[in-house]
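The values are calculated or read from the model by the stated rules, or taken from the named source; none is laboratory data. Everything numeric in this text was worked out from a predicted model, so none of it was measured. Here Cβ is always computed from backbone atoms with ideal geometry, including for glycine, and neighbour counts include all displayed protein chains. Calculation scope for accessible area: heavy atoms of the full protein, side chains included, ligands and nucleic acids excluded. Shrake-Rupley method; radii C 1.70, N 1.55, O 1.52, S 1.80 Å.
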Amino acid sequence: MQEYDAVIIGSGPNGIAAAIYLQQKGLKTLILEAKPQPGGATKTGELTLPGFQHDIGSAVLPMAYSSPFFEQLPLEKYGLKWIFPDIPFAQTLENGDAVACYKEVEKTAKGLEEDEVAYTKLMGTLVTDWPKIADDILGPLGIPSHPFKFINFGRYALLPAKTLANHYFKKSKSQSLFYGAAAHSTLPLTNLASASFGLVLTIMAHLNGWPFPEKGVSSLINALLEYYKDLGGELILNKTITSSKQLPSSKIQLFDLTPKQLLHIEGLNFSTSYRKRLSNYKYGSGVFKIDWALDEPIPFLNEKCRKAGTIHIGFSPEEIEISEKVISEGKISDKPYVLLVQPTVFDTTRTPENKHTAWAYCHVPNGSKKDCTELIEQQIEKAAPGFKQTILKRSVMNTEKLELFNPNLVGGDINGGRQDITQIFTRPVVKISPYKTSNNSVYICSSSTPPGGGVHGMGGVNAAKQALKDHF
């Protein structure tokens with residue numbers, strides 16, 4: 001007799017989402033997690049000084065708040081409270097100037113001067129259409145439920161970010177605003193489909209803002225797991241799996257792991273051809289990350305930056321473009337694009353009274369061990385003179401430390417694999433259902449499956465739906 005219907009290996013958001021979905025359908029499930037704390041890269045903890053809580057990996061969760069699956073769950077009943085910064089994200093410009101993406105499309109557009117009409121026309125339609133195409137965008141390739149709206153989104157999303165920005169916007173501030181969101185892709189902004197990140201993240205900002213959980217991202221994981229356990233699900237921590245022989249008896253197994261980890265597990269009985277295809281999977285650029293304990297808020301010159309939860313630092317479209325281009329050449333710009341989050345301006349639960357935390361990273365070549373502390377801090381200092389004087393203590397993580405923190409962050413890649421045109425819909429391999437492996441009872445449910453990186457749980461839900469259809 002089988003002990004479980006399904007065993008899920010890995011307790012990141014995708015693994016938990018898969019487990020919840022199957023548990024909701026009446027299956028008996030178990031989550032196994034190698035680390036002492038669940039959540040994958042979605043964790044909160046002390047990194048600098050006592051009483052300073054930092055989001056160690058993921059920090060701002062617009063995709064989680066807008067997730068078609070998570071939004072159906074009663075997570076507020078389990079203590080989850082969302083914090084909404086005044087401004088979802090801001091982009092630094094030269095001479096202390098900045099431009100903001102507000103929740104309102106019209107308010108954002110008004111700040112873009114002669115690009116107001118173009119921005120309103122582009123984003124207004126996409127924001128309106130998103131609820132009708134979200135399930136199709138966040139799933140594997142298939143026949144969309146609203147084909148014309150889906151195709152309309154696709155004709156913008158498949159463009160290089162540079163092509164879209166230059167075609168629609170005349171002002172460099174508008175181009176910079178879009179570049180700041182598009183650079184989350186960790187792709188050169190001249191690559192096909194690099195516009196997709198910029199569009200999706202900006203749509204999220206206009207739909208619901210860029211919120212984050214009060215007390216840190218672990219609050220989301222805790223709420224998900226409490227709900228899962230109330231459904232009857234089980235979780236075991238500190239359980240590293242290196243062989244299928246270590247798994248309890250079950251009909252199916254779902255792995256919230258990337259191909260590199262999956263290939264190292266013995267006894268999964270993959271075909272030779274499937275193993276070869278997995279081994280050809282491409283990982284993307286890495287990140288170098290810093291967390292700070294601060295004596296006061298970051299003294300940004302521009303009020304928009306002081307009111308934004310997330311700030312993209314780069315002082316012209318050209319600077320951001322060069323920064324992302326040289327990464328693909330194995331180099332790091334001396335003026336890198338920096339992504340910065342300042343949660344405690346809006347959430348006072350994370351630090352001692354009147355103290356603050358901040359978090360930032362720049363992109364680096366996959367596996368780079370270069371210390372980018374000075375590069376990042378001098379970019380912030382340009383936008384916020386006096387920033388360095390506010391630092392009480394810092395914690396740094398290069399790509400090696402990030403992968404040690406979470407083995408799914410291969411070479412510091414936070415997207416579960418390169419998200420270029422060749423791997424957006426076909427990750428980890430080209431299959432009608434990319435969640436299925438060559439072993440009929442084994443599925444992949446990580447960010448290495450569609451729709452890729454981000455905290456939204458959809459890779460897990462999509463894999464669970466496929467497994468349910470195949471076996472139950």
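What the table below lists for this structure:
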read-out	value
Rounded tilt (10° steps) of 172-182 against the dominant C-alpha axis of the chain	20
Mean projection area, nm², convex hull over Cα of the stretch 4-43	2.6
Three principal axis lengths of the chain [C-alpha, angstrom, descending]	69, 53, 43
Karplus-derived HN-Hα couplings along the stretch 355-366 (A = 6.51, B = -1.76, C = 1.60, θ = phi - 60°), whole Hz, x at Gly and Pro	10, 9, 10, 8, 8, 8, 8, 10, 7, 9, x, 4
Net charge over other residues, Cβ less than 10 angstrom from the Cβ of Lys35 (K, R count +1; D, E count -1)	+1
Distant-in-sequence amide H partners of Leu61 (H built 1.01 Å from N, under 5 Å)	Phe212
Distance between modelled label sites at Ile432 and Ile391, nm, 7 Å Cα→Cβ extension	5.5
Ala98 long-range amide H proximity, modeled H, under 5 Å	Leu93
Average accessible area per residue (Å²) across the chain - probe 1.4 Å, nucleic acids and ligands excluded	39
log10 of Debye I(q)/I(0), alpha-carbon scatterers only, for the stretch 125-270 at 0.09 Å⁻¹	-0.48
Net charge of Cβ neighbours under 9 Å - reference Gly15; Lys, Arg +1; Asp, Glu -1	-2
FRET efficiency for Thr125 and Thr190, using Cβ-Cβ distance with R0 set to 30 Å, rounded to 0.05	0.75
Extension gain, Glu116 back to Thr242 (0.36 nm per residue minus Cα-Cα distance, nm)	39.9 nm
nm² value of the averaged projected area, convex hull over the Cα atoms of the stretch 213-309	11.1
Probe 1.4 Å, all protein chains present, accessible-area order of Tyr227, Tyr435, largest first	Tyr227, Tyr435
Computed accessible area, Thr125, all protein chains, 1.4 angstrom probe, square angstrom	60
Of all accessible heavy-atom area on the chain, the percent that carbon and sulfur account for (1.4 Å)	51
Residue-wise HN-Hα coupling along the stretch 454-461, computed from phi with Karplus coefficients 6.51, -1.76, 1.60 (Hz; x: Gly, Pro)	x, 8, 8, x, 6, x, x, 5
Between the stretch 264-343 and the stretch 388-426, the Cα center-to-center distance that results, in Å	7
Chain lengthening between Lys132 and Asn440 when straightened (0.36 nm per residue, less Cα-Cα)	107.7 nm
